[in-house]
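J.: Handing you a structure now.
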Amino acid sequence: MAENDRITLIIEGLPEDGGQVRLGAFMSQLQHLSATITKLDREANEGKQATFYRIAELSYKSPVRVVLEPQALAKYSYAGHAVIESLGRVAAALENSGDLTGLDSDLLQDIRGLANPVGKSVASVTLLFNDHRFDLTQKVATKVDEALAVDEECEGTIEGMLEQINLHQGANVFYVYPETGPRKVSCHFPAKLYDDAVAAVGRRVEIFGKLHYRSGATFPHQVAVNAIEALPPDAELPDWDDLRGRAPGATGELSSEAFVRELRDGWR
């Protein structure tokens, strides 16, 4: 572990609460921070979580202060520094009006979850990591809202691997990882597709529904799902030997060679 690789969360409670932080607000901040750094960890490790975080310091006095130290999970190299560097790039983009179109939508939603409560259920929220200070303000929340605004919607399909699903408290969302295009797409599905979604985990799928595009984005980031089709594994697909003899007489009285020759002449 790099000596200075720490993430500190500082939360100031509302004046009417004497600066003390309410339990619900505290839990919400921890959950959104955990989700944020877990996503950055997965991005740094080809979709796999390689890091856990140890609580190095905890102060409940106003303001609440939680210090986290990244640790490598067994069988993984230390990635804590890469996570903190990524967090710094995200913070810089939000502070300096940088381009946010390349940032993961789910990551931005978690950052919005850190900033939105400011002035409502907490007075202030600050992240310290290495030498950087990132104040989560309503201005940050507004920038995230603008970056997540849906610019276009259309009916369409997405094909890829369904590798993650969240059913907790009716979230009903899974993630599809296409072979080309966006790195991943979040797919929200109705309760009637619950069984289809669960059965398709770990399989290649084709998703039908309304595609949502962020402003300026080439690829969709989200789908409101209408149907899920689980595709057969490559090993179960027919090869040329399987197709041999399936359509006897398809060439009529012509030999296969003559039939193909006529087709080629037709293309000229």
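J.: Could you give me the percent of Cα pairs per 10 Å distance bin for the chain, shortest bin first, beginning at zero and ending with the bin that holds the maximum distance?
T.: 6, 23, 26, 21, 11, 5, 5, 3, 1, 0
J.: Could you please put Thr126, Thr180 in sequence from largest to smallest accessible area, using a 1.4 Å probe?
T.: Thr180, Thr126
J.: Suppose every K and R has +1 on its Cβ and every D and E has -1 on its Cβ; what is the size of the dipole of the chain about the Cα centre, in Debye to the nearest 20?
T.: The calculation lands at about 760 debye.
J.: Determine, from the Cβ-Cβ distance of Ala227 and Gln49 and an R0 of 22 Å, the FRET efficiency 1/(1 + (r/R0)^6), rounded to the nearest 0.05.
T.: Details: r = 31 Å, r/R0 = 1.40.
Efficiency for this residue pair is about 0.10.
J.: Oh, and also: For Ala149 and Lys75 in one chain, what is 0.36 nm times their gap in residues minus the Cα-Cα distance, to one decimal in nm?
T.: Contour length minus Cα-Cα distance gives 22.7 nm.
J.: While we're here: Provide the gained length on full extension for the span Glu16 to Arg89, in nm with one decimal, where the gain is 0.36 nm per separating residue minus the Cα-Cα distance.
T.: Extending this stretch completely gives an extra 22.8 nm.
J.: No solvent, one uniform scatterer per C-alpha: report log10 I(q)/I(0) for region 17-60 via the Debye equation at q = 0.19, 0.22, 0.28, 0.29 1/Å, two decimals.
T.: -0.70, -0.82, -1.02, -1.04
J.: Next up: Show me the helices of the chain, taken as full DSSP H stretches, that run 18 Å or more along their long axis by Cα and average -1.0 or above in Kyte-Doolittle hydropathy.
T.: 23-44, 80-95
J.: Most mobile of Glu69, Glu46, Glu12 per a Gaussian network model of the chain (Cα springs, under 10 Å)?
T.: Glu46
J.: Next question, about the same structure. Determine, for region 90-230, the count of lysine pairs separated by eight or more sequence positions (or lying on different chains) whose alpha-carbon distance falls under 28 Å.
T.: Values: Lys120/Lys139; Lys120/Lys143; Lys139/Lys184; Lys143/Lys184; Lys143/Lys210; Lys184/Lys192; Lys184/Lys210; Lys192/Lys210.
The result is 8.
J.: Next up: Name the trypsin sites (Lys or Arg not before Pro) in region 76-134 that are in a loop by DSSP and that have at most 11 other C-beta atoms within 10 Å, would you?
T.: The qualifying sites are Lys120.
J.: Can you work out the accessible area per residue across region 1-80, with the rest of the protein chains kept in place, probe 1.4 Å, in square angstrom? Before the final figure, lay out the partial values.
T.: On the way: 4590 Å² over 80 residues.
It amounts to 57 Å² per residue over region 1-80.
J.: Let me ask something else about it. Take the alpha carbon atoms of region 121-147, find their center, do the same for region 11-75, and report the distance between the two centers in whole angstrom.
T.: 14 Å
J.: Would you work out what percent of the accessible area of region 33-72, with all protein chains in place, is carbon or sulfur (probe 1.4 Å)?
T.: The nonpolar share, carbon plus sulfur, comes to 48 percent.
J.: Mind checking the log10 I(q)/I(0) for region 42-160 at q = 0.12, 0.16, 0.19, 0.23 Å⁻¹? Debye, one equal scatterer per Cα, no solvent, two decimals.
T.: -0.56, -0.94, -1.19, -1.41
J.: Note down the relative contact order for the chain as a percent, whole number, built from C-alpha pairs under 8 angstrom at least six residues apart.
T.: That works out to 15 percent.
J.: How big is the antiparallel share of DSSP beta bridges in the chain, given as a percent to the nearest 5?
T.: If we restrict to bridges inside the chain, about 95 percent are antiparallel.
J.: Size of region 157-237 along its principal axes in angstrom, Cα-based, largest extent first?
T.: In descending order, the Cα extents are 38, 33, 18 Å.
J.: Lys61: which lysines have alpha carbons under 18 Å from its alpha carbon, excluding same-chain residues fewer than 8 sequence positions away?
T.: Once the sequence-local lysines are set aside, nothing remains near Lys61.
J.: Over all directions, how big on average is the projection of the convex hull of the alpha-carbon atoms in region 13-94, in square nanometres?
T.: Averaging across all directions leaves 6.4 nm² for the Cα convex hull.
The values are calculated or read from the model by the stated rules, or taken from the named source; none is laboratory data. What you are looking at is a predicted structure, and each value in this text was computed from that prediction instead of being measured. Positions of Cβ are generated from backbone atoms using ideal geometry, with glycine treated the same way; all protein chains shown enter the neighbour counts. To get the accessible areas, we keep the full protein, side chains included, count just its heavy atoms, and leave off ligands, DNA and RNA. Shrake-Rupley method; radii C 1.70, N 1.55, O 1.52, S 1.80 Å.
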